[in-house]
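Asker: My questions will all concern the structure given below.
The values are calculated or read from the model by the stated rules, or taken from the named source; none is laboratory data. Quick caveat, the model's predicted, so the values are computed rather than measured. Here the Cβ positions follow ideal geometry from the backbone for every residue, glycine too, while neighbour counts run over all protein chains shown. Just the protein is used for accessible areas: all its heavy atoms, side chains included, with ligands, DNA and RNA removed. Shrake-Rupley method; radii C 1.70, N 1.55, O 1.52, S 1.80 Å.
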Amino acid sequence: MSINVLNSNKNEVTDAESLKQLEFIEQAKEKVSALEKELGRKPTACVVTFGCQMNARDSEKLLATLKLAGYEEVETEDADFVIYNTCTVRDNADQRVFGRLGQCSNHKKNNPHMKIAICGCMMQEQGAVEKIQKSYRFVDLIFGTHNIYKFAELLNTCLDSDRMIIDIWKETDKIVEDLPVFRKYPFKSGVNIMFGCNNFCTYCIVPYVRGRERSRAPKDIIRECEKLAADGVKEVMLLGQNVNSYGLDFKDDDPNKISFAKLLEMVCEVEGIERVRFMTPHPKDFSDELLEVIGKNEKIARHIHLPLQSGNTEILRRMNRKYTKDDYLALVDKIRRDLPDVAITTDIIVGFPGETSEAVDDTIDVVKKAHFNNAFTFIYSKRTGTPAASFEDQVPEELVKENFDRLLKVVQDEAKEQTLKYAGQTQRALVESVNDHDESLLTGRLSNNTLVHFPGSKELIGDFVDVKLLECHGFYYVGELVK
Ligand code: SAH
Ligand code: SF4
Ligand code: F3S
């Protein structure tokens, strides 16, 4: 489903760089219109997104530029312009991109006008760019995460040239956010509050490909939320790799320096915004102030995603997570005590170097004690350039698989048990879409992030409704509207 609403008003764009990019869109328009004449039909564009919500938000900007330039959005990769927005957090994300790129080259053979672009986190790695230069010569444009705001300019260069254009920046201190956006959902939106990460967990590539932490000024974030609300958005998700580090990069005497909890409070005050989510907090600095703000504000979703990664204190130390098993459990206890209706979900990695089956037992113990509503479990993936990649005690694949399956079973059992607790309750759901498998059903999301499917007409999409939760099917519910 993709109902798109244009959220761009030229008068409101103040930043000089954004204005420059809007001019480039005008120039691209002429080129796309010439192409339209040549083809005898409207040129098409497809944006393929991998990775996290921050990439999804970036893709909404890429799509807006393409649509404003005159392309028609399609979902298939035989389009006239295809762009891959990549992720490199795990090796399988990389492999998927290369597989798709390979297939795309066949389309290009049939359509000489076709342009293929690739951007995002993977392009911040020298090895990946070299591989494309060597083995994927048919790619027309490569750029990275730091200069994604220049897409309109790069699009122009690419439309003018037959050569491979490569523009990668090592880092940036710039934040350019005031760009046109084509939202996937008219009623909900991500809002970037900060970029980059300073934590350097030893397994993680993100700090290398997204750079150091840079927070947006509170007034810019609030202004964006107000604009979104005026445009019909009811739910926002504040995005950052570590949202509770928000503002720490501002100088002490900078009036912009406010805590994440304070920012959250300010966002809740925006009229029209009815639900506020945030992703991702780091357990090491989850403050009492934040708990208090969540407790006081009904608008804040009853869901906290709190990545655990491992339940073993020694592995956590080697991961550079800066908390112990007991610290994590104490935080969960505090959350449960102060906010009993909050659902807690998590991320877990299995197979980090040196991880024994006993260490995985500790993780399983935390899963049981924390009663996670859901957990994303990942097999450790060695990322070149990260400290853990050179740790000597990499775990044999078979042992990883065995431990992973053991953990997954407990995670699933626990998730089912937690979800079952809502049976019979009536809760507010934001109706997001028609059900993927059954057109007579709608799909809504509860404050605690659980999905519910229920009979209803599609006019309700984008509305908050009360739904009675009838049947629990593991992670989701089937319910009925309460009139
Ligand atoms: N900033 C967020 C998460 C970013 S990446 C945080 O700190 O929680 C999302 C998830 O990918 C992480 O939580 C972690 O569980 C997983 N991940 C990151 N690097 C990984 C790697 N090298 N191998 C396997 N999983 C990884
Ligand atoms: Fe990666 Fe750790 Fe930063 Fe999350 S906090 S992005 S896991 S380095
Ligand atoms: Fe992937 Fe980049 Fe997000 S590596 S998880 S898309 S920040």
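Asker: Collect the residues in segment 27-45 that are closer than 11 Å to residue 80 by Cα, buried (at least 16 other Cβ atoms within 10 Å of the Cβ) and among the charged types (D, E, K, R), keeping them in residue-number order.
Answerer: 36 - this is the single residue of segment 27-45 that is closer than 11 Å to residue 80 by Cα, buried (at least 16 other Cβ atoms within 10 Å of the Cβ) and among the charged types (D, E, K, R).
Asker: Also, I was wondering about something else. Which one of 206, 176 is away from ligand 3 (no atom under 15 Å from the Cβ) and of a type outside the set (D, E, K, R)?
Answerer: 176
Asker: Mind counting the residues in segment 187-231 that are open to solvent by 30 Å² or more (accessible area, probe 1.4 Å) and more than 16 Å from ligand 2 (Cβ to nearest atom)?
Answerer: Of the residues in segment 187-231, 8 are open to solvent by 30 Å² or more (accessible area, probe 1.4 Å) and more than 16 Å from ligand 2 (Cβ to nearest atom).
Rundown of residues vs (1) in contact with a strand residue (DSSP E or B) (Cβ under 7 Å, 6 or more places away or on another chain); (2) open to solvent by less than 30 Å² (accessible area, probe 1.4 Å); (3) under 25 Å from residue 367 (Cβ atoms), yes/no style:
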position	(1), (2), (3)
266	no, no, no
270	no, yes, no
275	yes, yes, no
278	yes, yes, yes
283	no, yes, yes
292	no, no, no
301	yes, yes, yes
307	yes, yes, yes
311	no, yes, yes
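Asker: Checking residue 298 against (1) in contact with a Cys (Cβ under 9 Å, 6 or more places away or on another chain); (2) within 16 Å of ligand 3 (Cβ to nearest atom), which single condition isn't satisfied?
Answerer: That leaves (2) as the condition not met.
Asker: Being within 15 Å of ligand 1 (Cβ to nearest atom) and closer than 22 Å to residue 333 by Cβ is the filter; apply it to segment 346-369 and report the residue that is most open to solvent (accessible area, probe 1.4 Å).
Answerer: Among residues in segment 346-369 that are within 15 Å of ligand 1 (Cβ to nearest atom) and closer than 22 Å to residue 333 by Cβ, the one most open to solvent (accessible area, probe 1.4 Å) is 347.
Asker: Could you say whether any residue in segment 423-430 is under 30 Å from residue 459 (Cα atoms) and open to solvent by 80 Å² or more (accessible area, probe 1.4 Å)?
Answerer: yes
Asker: Residues in segment 13-26: is at least one open to solvent by less than 60 Å² (accessible area, probe 1.4 Å), at pLDDT 95 or above, under 24 Å from residue 178 (Cα atoms) and touching a strand residue (DSSP E or B) at 6+ places or on another chain (Cβ under 9 Å)?
Answerer: Scanning segment 13-26, I find no residue that is open to solvent by less than 60 Å² (accessible area, probe 1.4 Å), at pLDDT 95 or above, under 24 Å from residue 178 (Cα atoms) and touching a strand residue (DSSP E or B) at 6+ places or on another chain (Cβ under 9 Å), so the answer is no.
Asker: All but one of (1) in contact with a helix residue (DSSP H, G or I) (Cβ under 7 Å, 6 or more places away or on another chain); (2) basic (Lys, Arg); (3) surrounded by 15 or more Cβ atoms within 10 Å (Cβ to Cβ) hold for residue 322, so report the exception by its number.
Answerer: Unmet condition: (3).
Asker: Please pick out the residue among 205, 175 that is outside the structural domain of residue 25 (by TED's automatic domain parsing) and farther than 16 Å from residue 242 by Cβ.
Answerer: Answer to the check: 175.
Asker: Might you check whether a residue that is surrounded by fewer than 19 Cβ atoms within 10 Å (Cβ to Cβ), aromatic (Phe, Trp, Tyr) and either in a helix (DSSP H, G or I) or within 24 Å of the chain's Cα centre (by Cα) (or both) occurs anywhere in segment 91-107?
Answerer: Scanning segment 91-107 turns up at least one residue that is surrounded by fewer than 19 Cβ atoms within 10 Å (Cβ to Cβ), aromatic (Phe, Trp, Tyr) and either in a helix (DSSP H, G or I) or within 24 Å of the chain's Cα centre (by Cα) (or both).
So that you can scan it fast, the table gives a plain yes or no per residue for (1) at pLDDT below 95; (2) part of a loop (DSSP other than H, G, I, E, B); (3) in contact with an Asp or Glu (Cβ under 7 Å, 6 or more places away or on another chain):
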| site | (1), (2), (3) |
| --- | --- |
| 311 | no, yes, yes |
| 327 | no, no, no |
| 330 | no, no, no |
| 335 | no, no, no |
| 348 | no, no, no |
| 353 | no, yes, yes |
| 367 | no, no, yes |
| 377 | no, no, no |
